[in-house]
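These notes concern the structure reproduced below.
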Amino acid sequence: MNRRLKYSLFTLVLLTIALILGTGMVLADSTLVEPFNYPNFAQVSSFTLHSPYIVYSANSSFNANSTGSALQVRGNNTTVTISTSVAAKSFSMTFGSCNRSQNISIQVRVNGSLTNVGSCSSNGSLSYSANNFDRIVITTNHPFASVNINQLSVTFGDSDNDGVSNHVDQCPGTPAGATVNAQGCPSDSDGDGVLDGLDQCPATPAGATVNVQGCPSDSDGDGVLDGLDQCPGTPAGATVNVQGCPSDSDGDGVLDGLDQCPGTPAGATVNVQGCPSDSDGDGVL
């Protein structure tokens, strides 16, 4: 009985030690990454902490507060993934302390594949530039490996060259030369389908037909723009109303503006100039 009790106590001690060590490893894993001071992040979509899984909203940069590093990574098999909301162009980071740099890797993901871009050095810095990376991955692979990152800045490209970076551009693919707002979206002030900045004829009346330069046309030259002209094909010189339609005030079949003899009596025969004749010279048309 005493032997069994001793064996049970010994087993209990071993299990307790194993549990403590195991718990210590779990606790160590859960505290390997220590984010400190984060301002209002908006431009980088998230910080994903590998263990535990925590997501922080993020900005294009973060800086150390007055008490120390902005981000600390340490321990064995610890990974911090910084994911950007859109493809980034470059980053730079400055380090405080860096222990066992040979066991610390810094990678970026380009087109789905991770690429090593360097490691840390105490009080040093690292810069990287390549279009279209969407993650920065920092990994420590030794129990005593650690790195304090004092500053990280991420910059983004401007794929459509509209002056608004990809990460805040709500209208990617804007045509070159178009005027955009702060969100990178173009406008069409006159609503003619040709964007401001490309429209060579701004303030086109609503409904008028325009060409690729945004300029309206008047095919029949009557002063009423195509698209608004309800009577296209009006003969040159004819008087028209605001709808672009001609009139014939004396009803002789010759349009006003072309009629050289306006006011012809109804029923009188007229020539192409709208003038009546008196073939027998009796004074009656």
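Here are some notes:
- Proximal charge balance of ASN181 [Cβ under 11 Å; K/R count +1, D/E count -1]: -3
- Zone residues, segment 148-167, relative to ASP196, backbone N less than 18 Å from point 7 Å out along Cα-to-Cβ: 162-164
- In segment 79-127, the convex hull through the Cα atoms has an average projected area of 3.8 nm², a quarter of its surface area.
- For segment 75-138, averaging the sequence separation of C-alpha pairs within contact (under 8 Å, six or more residues apart) and dividing by the residue count gives a relative contact order of 48 percent.
- Value of Rg/Rh across segment 171-282 [Cα atoms, Kirkwood radius]: 1.32
- By average C-beta atoms within 10 angstrom, highest first, the peptides 144-156, 202-214: 144-156, 202-214
- Packing around the peptides 247-257, 89-99, taken as the average count of other Cβ atoms within 10 Å per residue, puts them in this order, highest first: 89-99, 247-257.
- With N counted as the residues of segment 197-240, its alpha-carbon radius of gyration over 2.2 N^0.38 Å works out to 1.22.
- Less than 5 angstrom separates the built amide H of ASN150 from those of ALA70, THR94, PHE95, GLY96, all sequence-distant by 5 or more or on a different chain.
Quick note: the coordinates plus some simple rules give every number you see, no bench work behind them. These numbers come from a predicted model, not from an experiment. FYI the Cβ positions are ideal-geometry reconstructions off the backbone, even for glycines, and counts take in every protein chain you see.
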